[in-house]
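The values are calculated or read from the model by the stated rules, or taken from the named source; none is laboratory data. Remember, it's a predicted structure, so these values are computed and weren't measured experimentally. Methodologically, a virtual Cβ is constructed for each residue, glycine included, from the backbone with ideal geometry; neighbour enumeration extends over all protein chains shown.
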Amino acid sequence: MDKARPAPIEVTVTFLEMQAPPAHYPPLPYNRQIALLRTKDMPLHFYRYLTDRVGRKWHWVNTLKLSDEELEATIHREDRDIRVLYLDGAPAGFFDVKPHLPQEAELAYFGMMEHAQGQGIGRWFLGAAIEACWSHDPRKVTVQTCTLDHPAALPLYQKLGFRPVAQKKEVVQPITPAERSASVMR
């Protein structure tokens with residue numbers, strides 16, 4: 001029998017912008033087997049897997065709630081830019097750029113799996129995501145983070161050139177383990 005629905009969580013969402021590309025990007029760490037691959041028509045189950053493994057601890061639930069049709073229409077757009085980070089041959093994170101907003105590229109998702117955290121690659125990985133955003137020639141790059149995200153997220157975004165432009169309160173409704181399993185195993 002499934003556990004009761006988890007209580008809603010109040011969060012503060014911070015919206016950040018970058019108006020110009022950075023003068024330089026963090027270098028690729030030395031002595032690591034790292035690959036960053038851009039995907040094309042990623043299988044829906046793999047996108048859900050990445051979202052779950054990267055975002056489970058942070059309550060990333062929005063894409064897990066989408067039907068196959070909704071998710072496919074979202075991630076299989078011609079202009080969508082999704083890249084998967086591999087560390088020592090295994091998936092270790094991903095980022096997802098939505099460049100189709102008017103004159104804006106949104107870094108919609110960015111994160112690493114737990115086994116990749118604390119190994120000195122986060123700054124480089126975020127730099128690669130920012131560079132991917134600017135490759136679409138927007139006037140600005142945006143990202144949002146909230147109080148549920150990794151505590152280093154907001155400071156790292158700011159260190160690499162984003163500046164906060166707004167905040168708002170929201171409520172996140174966590175999903176049950178059964179709902180998570182049904183989505184990821186779909």
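Summed over the range 162-177, residues that are modelled with pLDDT of 85 or more and either assigned to a strand (DSSP E or B) or exposed (fewer than 13 other Cβ atoms within 10 Å of the Cβ) (or both) total 11.
Pro22 satisfies every condition listed in (1) part of a strand (DSSP E or B); (2) under 21 Å from Glu104 (Cβ atoms); (3) not acidic (Asp, Glu) except (1). Within the set Ala108, Ala92, Ala35, Ala7, the sole residue that is part of a loop (DSSP other than H, G, I, E, B), of a type in the set (Gly, Ala, Ser) and either crowded, with 19+ Cβ neighbours inside 10 Å or at pLDDT 90 or above (or both) turns out to be Ala7. Candidates are the residues of the range 87-146 that are of a type in the set (Asp, Glu), in contact with a strand residue (DSSP E or B) (Cβ under 8 Å, 6 or more places away or on another chain) and touching a residue at least 24 places away in the same chain (Cβ under 8 Å); the one that is farthest from Lys159 (Cα to Cα) is Glu104. If the condition is being touching a His at 6+ places or on another chain (Cβ under 9 Å) and over 20 Å from Asp41 (Cβ atoms), then the range 89-103 contributes Ala90, Ala92.
The combined condition, being farther than 21 Å from Arg32 by Cα and among the small types (Gly, Ala, Ser), is not fulfilled by Ala90. Going through the range 147-161 one residue at a time, which ones are at pLDDT 95 or above, in contact with a strand residue (DSSP E or B) (Cβ under 7 Å, 6 or more places away or on another chain) and part of a loop (DSSP other than H, G, I, E, B)? Passing the criteria: only Gly161.
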